Structures are given as structure tokens and as C-alpha cells.
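Step one of this worksheet: look at the structure below.
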Amino acid sequence: MTIYLHDTLQGEKIPFEPLQPGRVTMYLCGPTVYNYAHIGNARPAVVFDLLARVLRRRYKLTFARNITDVDDKINAASIETGKPIEAITERFIKAYNDDMGALGVNAPDVEPRATHHIDDMIRMIATLVENGYAYVAEGHVLFDVSAYGDYGKLSRRNLREMIAGARVEVAPYKRAAHDFVLWKPSTPELPGWESPWGRGRPGWHIECSAMSKKHLGRTIDIHAGGQDLVFPHHENELAQSTCAHDGEPFARYWLHNGFLSINDTKMSKSLGNVLLVHDLIKSVPGEVIRLALLSAHYRQPLDWSDETLESARRMLDRLYGAVRAIEIPKELRRSTQVPGDVVAALEDDLNTPKALAELFSLARELNRSEDLLQKQKLAASILAAGDLIGILQNDPEEWFSGEGAMLPEEIESLIDKRNAARAARDFGRADQIRDQLAASGISIEDGPDGTRWRRS
Ligand code: AMP
Ligand code: ZN
């Protein structure tokens, strides 16, 4: 079986073949650390963590996810709060790793920080200037997009059309509106480093080009990030790296996750609907959030609402409910592989909805089976798949009595719905709700005073 991945550059799903047999390099654009990560930022972290897990089954993977710790937004946060830049970046690097850890995201193999790679950036910029791809103007160094014939290839933009349609105010030091900054001057109070072009700081795009080269080499297998990074960030990375490396390919596969909206609205500070992972994990188990993020295919848009979380919680109730009370012999647990259908779905461009459907079909089979050994085998398969996906690793009893347990309000709302269904003589629906409650470890009893419930 071949792994298939959707490559943004080719615009289609293609067979995955790493540059070197047996080894894979992957780079994911990481956070800019001036604030807590929101649930949209968590999507690439979780999705590409799963891809890393899937790749590691077959290859020796080196996965780099950078930290952007020099950026104008960080400088602005420092001025606004009066706190030193390092205090801000250290705090939010730790918060990012803690929050993503709560969502079951494994640490990448390398987590390069931009400020530790300024020399690499300066070297790359100097090469671009020497080879005529960049020019120096008023303390800035700019990439000359007209020098790279393929500019616009990744985002399918035509440079001539872009120029004609440009509404951006052109800075006086730029030759053309789309030339982008590789290096810019810093005033004394801003972070800056000595360079051949004076004291200054790097542009954002060059950071990733320099860090991926340093840790993964000139040509990397997979470059990933959110869809919004295709243009200009990845287009610019592609141009810089290719030109700095005499035309050698930069990334063999470009992967982009779709955007997450909240109640069908774009998340934005001005609308006040920014949902921080840091806040959400105070009331919702990380496992529920992880599964909610993986419930849609990664390239599709994902709309986030209370229902997204509820449905992920119900899925976990069903899966934990199926494996609950089944003692799996240690040897069987150890020797059980991830079911082939689950692996096949994940290796098909990370088709998580299909992989989850396979998991539910195993759970149904388990619930129907009367044979203890078969039940044990199915439970072991479900847990092996859960281990790969990053869910189902808690003790089912803890799930039902502890943090994963259904809240009384949720139970009562379901009981109301069941009573309404019974009143409408929709007994199928009423039974379905009873089963759903039972799967969450809640038994109900109808009596003269109404319906009572208890945790079984
Ligand atoms: P930033 O810190 O803004 O550079 O974003 C970090 C990562 O989160 C990038 O890969 C973005 O593409 C991604 N991202 C930001 N907002 C969203 C969103 N609403 N949905 C999905 N991904 C997002
Ligand atoms: Zn990047």
C-alpha cells in the first residue's frame, strides 16, 4: 500500500515517495508566540501530529515545528504590556507546548526558534543578494519577485495580474509592490542584530526557509501549515529557498489544512469570538477537543460549535463504552496491530472521518458479539487504533466517572428529549436515547415521579 497525500502545488492527491528511501523530513510552520493559541491554531498542530504518527509507522521521520519568536506582533505586545520580549515569548512557548500537550500532540523532533537562527538567515539573504535575487534599499533587503519566473506557482497566482490588481501602497524603497522583505532595519529600542546591511531583524518568511534548511536540508519532503499560509508565506518561502539553492526543489509535498470557523463565523478579536485552547481545556477533556478537530477531513473547513464538542464526547462514550468491562489479556493487547482498514484510511490523505467510521464498525461488532475471545480481540484492535489516533488511552472507568463523564445537565436534557419522543410515540428515538445514555454509563428508571437516573 502506498501513502497518498494531497499536494497543493500539484493540486491533487498523489502517491507519497520520500526523497531518501526510509526517511522523511517534515516542516510545520509553528506559532508566533505573543498570545495563547486559539482553537484554529490547534488544528494544524493536531492534524500534522497525526500525520507524523502515521508516517512514523513506516519511516524514520524528522519533524520540525518552529517557533516564531521575533515578529512585529511580539514587539507590539511588549510595548502594550511593558513586559520584556523574552518574558512574553518564554511564557507563550511554554503555554503553547502545555496546551498542545493537553490535546495529545507529541513534541516534534526539533523545535527551532527564529532568534537562534539569525546567522543562518543572514547567510541565506546574502546568497540571494549575491546571485541577483534580492536587492538592498534604505537598510532593507527585498526579494525581487521578477527574478523568479515561477513566482505564484504554489498559490496559482499570475504575477502580472497581481501587479495590475495591486492596491497596496508601495513603500518607496521597493522596486515592485510584491517584492517582500527579507531584512529590515531596527530602531534602538526594537530587537536587532548586526548584519551586512546594518542593525536589523529578519522578515517572517526567511525564518522558515533558513530553519528548515538547517534542520532538514535543502529539499524537504513535506511542508505543512494552515491554508492561509499558502500566500504569501509559503509562496515566498518557496521562491527564496529555490533561488538560494540554485533551483533545487524546496518541498516535495505541500500540505494545507482548511480553516476553522466558530458558529459559521470567522474567528476574530474584533468579534470577540476567539476561543483559546488554554480556556477550553479547563472545562473539556483534551481528548474530546482532539477528536472534534479530527472529526472532519483536514482539508475541509471545520465549523466549531457546542455540537462539535458534544458529538466528539458522544463518540468517545460509545468507544469507551464498547471496550469497558472487557479484560484484555496483556499478551493479546501487546500483539494486536492497528486494524488494516483504519491504517488504509489514514494513509489515504489522512481520511479521519473514514478511519473513525471503521472504529465505530468495530465497536458495533464488539457490542453484538457473544464470544469472549472475539470481544477481547476487537477491544484490543480498537485500543490499538486509538493509540495511533491519540485517543482512548484513559481507563474507561475513569472516563465514565471522572473528567470525561457526562454532566448532569446533559443527562437531563437527553431524558427530556426521550420523554418528548415517547409522548410523540416515537419509541425508536426514545430507545436510541436510552442506549446512548447506557453507553455513557447512565442507567434510567421510569417511575411515578418521572425518570430517575444514576451512574452505573
Ligand atoms: P499563526 O500563529 O497565526 O501564524 O498561526 C499558526 C497556525 O495556525 C498556522 O498554520 C495558521 O495557518 C493556522 N491557523 C490560524 N487560524 C486558523 C483557523 N481559524 N483555522 C485553521 N488554522 C488556522
Ligand atoms: Zn513558515
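The values are calculated or read from the model by the stated rules, or taken from the named source; none is laboratory data. None of the values given here were measured: they were computed from a predicted structure. Backbone-built Cβ (ideal geometry, glycine too); neighbour counts: all protein chains shown. Please note that ligands, DNA and RNA were not included when accessible areas were found on the heavy atoms of the full protein model with its side chains. Shrake-Rupley method; radii C 1.70, N 1.55, O 1.52, S 1.80 Å.
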| task | For Ala107, state whether it is under 25 Å from Phe16 (Cβ atoms), aliphatic (A, V, I, L, M) and open to solvent by 10 Å² or more (accessible area, probe 1.4 Å). | result | yes
| remark: How many residues of the range 216-270 are open to solvent by 10 Å² or more (accessible area, probe 1.4 Å) and either away from ligand 2 (no atom under 13 Å from the Cβ) or without any contact (Cβ under 8 Å) to a residue 12 or more places away in the chain (or both)? The answer is 24
| note | Here the residues within the range 266-299 that are β-branched (Val, Ile, Thr) and within 11 Å of ligand 1 (Cβ to nearest atom) are Val274
| said: Which count do you get for residues in the range 376-407 that are in a helix (DSSP H, G or I), farther than 21 Å from Ala355 by Cβ and touching a residue at least 60 places away in the same chain (Cβ under 8 Å)? | reply: 2
| field | Residues satisfying the stated conditions in the range 16-60, i.e. more than 10 Å from ligand 1 (Cβ to nearest atom), touching a residue at least 40 places away in the same chain (Cβ under 8 Å), in a strand (DSSP E or B) and open to solvent by 10 Å² or more (accessible area, probe 1.4 Å) | value | Thr25
| said: Just to be sure I understand, how many residues within the range 237-246 are within 16 Å of ligand 1 (Cβ to nearest atom) and at positive phi? | reply: 0
| query | When you look at Thr2, is it away from ligand 1 (no atom under 15 Å from the Cβ), polar (S, T, N, Q) and either surrounded by 13 or more Cβ atoms within 10 Å (Cβ to Cβ) or part of a helix (DSSP H, G or I) (or both), yes or no? | reply | no
| task | Could you grab me the full set of residues in the range 225-236 that are under 21 Å from Arg299 (Cα atoms) and either away from ligand 1 (no atom under 16 Å from the Cβ) or assigned to a helix (DSSP H, G or I) (or both)? | result | Gln227, Asp228, Leu229, Val230, Phe231, Pro232, His233, His234, Glu235
| query | Does Met100 count as at pLDDT 95 or above and assigned by TED's automatic domain parsing to the domain that holds Gly200? | reply | yes
